[in-house]
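Read the structure below first, then the notes.
The values are calculated or read from the model by the stated rules, or taken from the named source; none is laboratory data. These numbers were taken from a predicted model, which means no experiment stands behind them. When we count neighbours, we look across all protein chains shown, and the Cβ atoms used for this are built from the backbone with ideal geometry, even at glycine.
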Amino acid sequence: MESNGVDYASKLLESQSRVWHQLFSFINSMSLKCAIDLGIPDAIHNHGQPMPLSKLISSLQIHPNKTQFIHRLMRILTHSGFFSKQISSKGDPESSYALTDASMLLLKDNPMSLFPYLSVVFDPILTKPWCELPAWFKNDSPTPFYMTHGMALWDYAGVEPRLNKFFNDAMETDTPFVSSVLFDKCKGVFERLESLVDVGGGTGTMTKAIAKAFPQMECVVFDLPHVVDGLQGSGNLKYVGGDMFDSIPPSDAIFLKYILHDWNDEKCIKILKKCKEAIITRSKGRKGKVIVIDMVVSDERVIKILNQLKPNFSLICS
């Protein structure tokens with residue numbers, strides 16, 4: 001009985017720990033946002049070496065009454081792996097802080113910086129719908145975002161320039177990394193293509209990289225009119241506004257980077273059918289390509305969608 005009691009107490013403690021962890025995990029995210037807004041990673045980076053806490057505090061634009069709390073903020077983020085704490089070997093009791101690989105990706109001047117993602121993910125426009133999630137489950141609104149703002153995310157971005165900019169900036173952040181891997185490991189996918197349409201290509205950062213790597217290819221950035229409004233193409237790249245659910249410009253290849261995961265199976269099938277129509281219109285009997293870069297939730301879902309598109313679609317994974 002005592003053994004059973006000990007086991008029960010241990011499981012209860014573990015369960016309680018899990019609940020606490022889930023309840024307060026938002027503190028990690030908000031602390032990271034706070035550090036970015038205060039410019040802490042850039043301050044440490046500009047210092048050029050591990051930065052003593054006192055120098056870090058003096059470099060920040062904060063109220064004098066709040067300086068005593070910076071060490072608590074740094075303690076949270078050190079525990080989360082965004083900074084490393086170093087103790088002087090010369091007997092100096094003051095701690096110094098250095099960047100880690102994770103915080104290097106949050107520097108504003110890093111070409112691969114994920115800083116724009118924080119701007120959009122933590123914006124109240126996107127965080128407020130999460131607070132409405134319980135109410136959303138009780139009504140027929142299509143999404144929590146729609147219920148909160150009265151329109152879909154893409155429509156809201158069309159009338160709110162701040163969201164439009166934040167979102168497009170975020171979508172550009174991983175282009176240097178993705179393009180380097182794409183051209184290094186999968187360059188053959190693009191060879192001998194005469195044309196390509198980047199569906200949902202935003203401001204065209206990825207398409208520009210493709211157009212530069214393959215100057216003989218005609219490249220089109222295709223996105224909603226408010227996204228491409230005012231953007232000018234050059235050379236073998238141009239911008240076209242439209243709706244992928246209505247039609248896609250004819251092309252030998254359709255490029256979908258981080259598009260399909262936003263939609264349910266029915267919508268994904270509709271998008272892929274529009275891709276098929278665009279390729280058939282252009283290819284005149286030649287085989288075209290739909291190039292997808294995305295996160296896969298389950299192989300079963302991919303197979304299910306492809307089965308509904310046979311015999312015109314086959315899957316090649318790289």
*Here are ASP109, ASP123, ASP101, ASP155: which of them is of a type in the set (Asp, Glu), surrounded by fewer than 17 Cβ atoms within 10 Å (Cβ to Cβ) and over 29 Å from HIS79 (Cα atoms)?*
ASP155
*asked:* I need the full set of residues from region 203-241 which are part of a loop (DSSP other than H, G, I, E, B) and over 17 Å from ARG192 (Cα atoms), in order please.
replied: THR203, GLY204, LEU224, ASP229, GLY230, LEU231, GLN232, GLY233, GLY235
*How many residues does region 28-38 hold that are at pLDDT below 95 and of a type in the set (Gly, Ala, Ser)?*
1
*May I ask you to list the residues in region 131-183 that are among the β-branched types (Val, Ile, Thr) and either assigned to a helix (DSSP H, G or I) or in contact with a helix residue (DSSP H, G or I) (Cβ under 6 Å, 6 or more places away or on another chain) (or both)?*
THR148, VAL159, THR173, THR175, VAL178, VAL181
*asked:* Could you tell me how many of the residues in region 277-298 are part of a helix (DSSP H, G or I) and modelled with pLDDT of 90 or more?
replied: 3
*With ILE293, ILE210 as the choices, which residue is surrounded by fewer than 18 Cβ atoms within 10 Å (Cβ to Cβ), under 25 Å from PRO111 (Cα atoms) and aliphatic (A, V, I, L, M)?*
ILE293
*Test: residue in region 30-52 that is outside the structural domain of THR173 (by the TED database), acidic (Asp, Glu) and crowded, with 17+ Cβ neighbours inside 10 Å*: yes
*Exactly one of (1) over 24 Å from PRO124 (Cα atoms); (2) of a type in the set (A, V, I, L, M, F, W, C); (3) surrounded by 17 or more Cβ atoms within 10 Å (Cβ to Cβ) is unmet by PHE183. Its number?*
(3)
*Mind checking which residues of region 88-121 are modelled with pLDDT of 90 or more and in contact with an Asp or Glu (Cβ under 9 Å, 6 or more places away or on another chain)?*
LEU106, LEU107
_Selected residue (only one of ASP246, ASP223 is at pLDDT 95 or above, of a type outside the set (Gly, Ala, Ser) and touching a Phe, Trp or Tyr at 6+ places or on another chain (Cβ under 9 Å))_ = ASP223
*Considering ILE62, ILE87, ILE76, ILE57, which residue is closer than 13 Å to LEU32 by Cα and without any contact (Cβ under 8 Å) to a residue 60 or more places away in the chain?*
ILE76
